[in-house]
Structure formats: structure tokens, C-alpha cells
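As C-alpha cells, the structure follows; a few thoughts come after it.
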Amino acid sequence: MSYKIMTDNAPKAIGPYSQGICSGNLVFTSGQISLDPKSGEVVGSSISEQTHQVCKNLKAILEAAGSSMDKVVKTTCFLSDIADFAAFNEVYSQYFISAPARSCVAVKDLPKKVLVEVEVIAEK
């Protein structure tokens, strides 16, 4: 049985999707961008600032699901500019210390013109 994750500590979905879904022993988050959960505004103008906010949002969703950052098994990361790869990794490594499996690609555009979006799969 699966169920939706809902928390006020992460941004509300800005489309027809949920913050995340729990299915069995797994948590699947929707892609998170650097939105402030309270204001809904983009946080930060640099890749580092935005990555910190993305990770805070992911952490809140995982905790609402009864999981945590150290239980993440896979991440999918989208960068608007691959030149930000090193700066992104510097912040990313502070949150994903368990070094989960990962895909990281550059894309043409992201919602609200942000620099980064990340989604995760974690164990409960």
C-alpha cells in the first residue's frame, strides 16, 4: 500500500503531484527545488545557496515519511549548468554522507529558473 507524504516543512507541490510517496519500505520524493517552505519564493542565487535549500527540503520530506538523509539509496540531480558540478558536489556531499547511487545531468531549464533540482529514493 502506498500513501502521500505531506509536510509544512517543505514547499507545497506547485503542480499536480505530491511531495513524496511511501510505497512498501521505500520513500520516493518529488524533485525539490530551492523554494522556501513558508514563502514559496526561491532561496539563493548561487548553486551553493540553492543546493543547501534543496537538501533542507528533501530532509524535511524524508523525516515526515519516517526516513532520513542517511537512508537515501539513490538520487537524481538536475543542474541548469554542468559548470556548477563541482560547487554542487561540495554542498551535496555535506548532506549525502552515505554516498548513495546517483545520476547527475545538465538540463536546458528548471522550474522558476532555479539552478538545481534533486529527487531521492530512500529506505524507511
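In the set (1) part of a helix (DSSP H, G or I); (2) among the aliphatic types (A, V, I, L, M); (3) touching a helix residue (DSSP H, G or I) at 6+ places or on another chain (Cβ under 8 Å); (4) farther than 13 Å from ALA10 by Cβ, the condition left unmet by ILE97 is number (1).
Checked against (1) within 15 Å of LEU110 (Cβ to Cβ); (2) surrounded by fewer than 15 Cβ atoms within 10 Å (Cβ to Cβ); (3) in contact with a Leu (Cβ under 8 Å, 6 or more places away or on another chain); (4) not β-branched (Val, Ile, Thr), GLN32 passes all but a single condition, namely (2). The residues of the range 29-44 that are within 20 Å of SER80 (Cβ to Cβ) and either charged (D, E, K, R) or in contact with a His (Cβ under 6 Å, 6 or more places away or on another chain) (or both), listed by number, are ASP36, GLU41. So is LYS56 within 18 Å of PRO11 (Cβ to Cβ), part of a loop (DSSP other than H, G, I, E, B), charged (D, E, K, R) and at pLDDT 95 or above or not? Here the answer is no, as LYS56 does not meet what is asked.
The values are calculated or read from the model by the stated rules, or taken from the named source; none is laboratory data. These figures come from a predicted structure and were not determined experimentally. When we count neighbours, we look across all protein chains shown, and the Cβ atoms used for this are built from the backbone with ideal geometry, even at glycine.
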